[in-house]
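Just below is one structure, and these are the notes that go with it.
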Amino acid sequence: ISYAITDFDNKGTLDSTEQRYEAGISWQTTAKTIGTATIGQTYKDFSSTLRKDNHFTSWEVSTIWSPKTYSHLKLLANSTPTETTNSGDFVKSNTFAANWQHEWSIKIGSYLAASYNSEIYEGSDRDDKIYHYQAGINFKPKRGINFDLSYQNAHRNSNSNGFDYKNNQILLTTRLGL
């Protein structure tokens, strides 16, 4: 059970207070599968009378299945509010995501990820669909030295002009630790 109050000071009509009341459970069905689920109410109260106060049900379900100690599949689904930057009063975000990580050896691993996000801009007609895909390999030649090579594809389809995009990236990342 949790309760949170967040004040958003946006210096304008988007100033608001958000209250969340949530309850949830965690489970471990087998030694290989764990999960959590929460559900609650979110209340959004705006300082400005130009904005409509709102409340709705927010929820999240996630599970991790580890068929082997070196292989993990994570699934996530949620519905939660996020702040808007320019359209509507706030964003009602619905996300569905999957992520698989596998260690092929002590030095080499790989991962695949995919997600779908529906963003509904409350107080506006804007509605976005965002798709994200990622695949990568990582190499750890020595302790404290990590190399990561990945490909990412993201695109947004919006019913509002000027918000569509497509993004493809190839990333080579190096992490050094002491």
The listed residue being over 22 Å from ALA97 (Cα atoms), at pLDDT below 75 and open to solvent by 40 Å² or more (accessible area, probe 1.4 Å), out of LEU50, LEU14:
LEU50
Please go through the range 58-71 and pick out each residue that is open to solvent by 60 Å² or more (accessible area, probe 1.4 Å) and touching a strand residue (DSSP E or B) at 6+ places or on another chain (Cβ under 6 Å).
TRP59, GLU60, VAL61, TRP65, TYR70
Residue set ALA135, ALA154; condition closer than 25 Å to PRO81 by Cβ, in a strand (DSSP E or B), among the hydrophobic types (A, V, I, L, M, F, W, C) and under 19 Å from the mean Cα position of the chain (by Cα); output residue ALA154
Among the candidates SER87, SER79, residue that is hydroxyl-bearing (Ser, Thr, Tyr), open to solvent by less than 30 Å² (accessible area, probe 1.4 Å) and assigned to a strand (DSSP E or B):
SER79
Taking SER160, is it open to solvent by less than 80 Å² (accessible area, probe 1.4 Å), in contact (Cβ under 8 Å) with a residue 60 or more places away in the chain and on the phi < 0 side of the Ramachandran plot?
yes
Could you list all residues from the range 123-140 that are of a type in the set (Val, Ile, Thr) and either on the phi > 0 side of the Ramachandran plot or open to solvent by 40 Å² or more (accessible area, probe 1.4 Å) (or both)?
ILE137
So PHE147 ticks every box in (1) modelled with pLDDT of 95 or more; (2) open to solvent by less than 40 Å² (accessible area, probe 1.4 Å) but one. Which box is left unticked?
(2)
Residues to consider are ILE120, ILE170; find the one that is of a type in the set (A, V, I, L, M) and open to solvent by less than 70 Å² (accessible area, probe 1.4 Å).
ILE120
Give me the residue from the range 95-117 that is over 20 Å from ALA77 (Cβ atoms) and either of a type outside the set (Val, Ile, Thr) or assigned to a strand (DSSP E or B) (or both) and, out of that set, most open to solvent (accessible area, probe 1.4 Å).
TRP104
Among the listed residues ASN117, ASN99, ASN157, identify the single one that is more than 21 Å from SER62 (Cβ to Cβ) and of a type in the set (S, T, N, Q).
ASN157
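The values are calculated or read from the model by the stated rules, or taken from the named source; none is laboratory data. If you're wondering where the values come from, they're calculated on a predicted model, not measured in any experiment. For neighbour counting, all protein chains shown are included, and Cβ atoms are generated from backbone atoms with ideal geometry for every residue, glycine included. Ligands, DNA and RNA are excluded from the accessible area calculation, which covers all protein heavy atoms including side chains. Shrake-Rupley method; radii C 1.70, N 1.55, O 1.52, S 1.80 Å.
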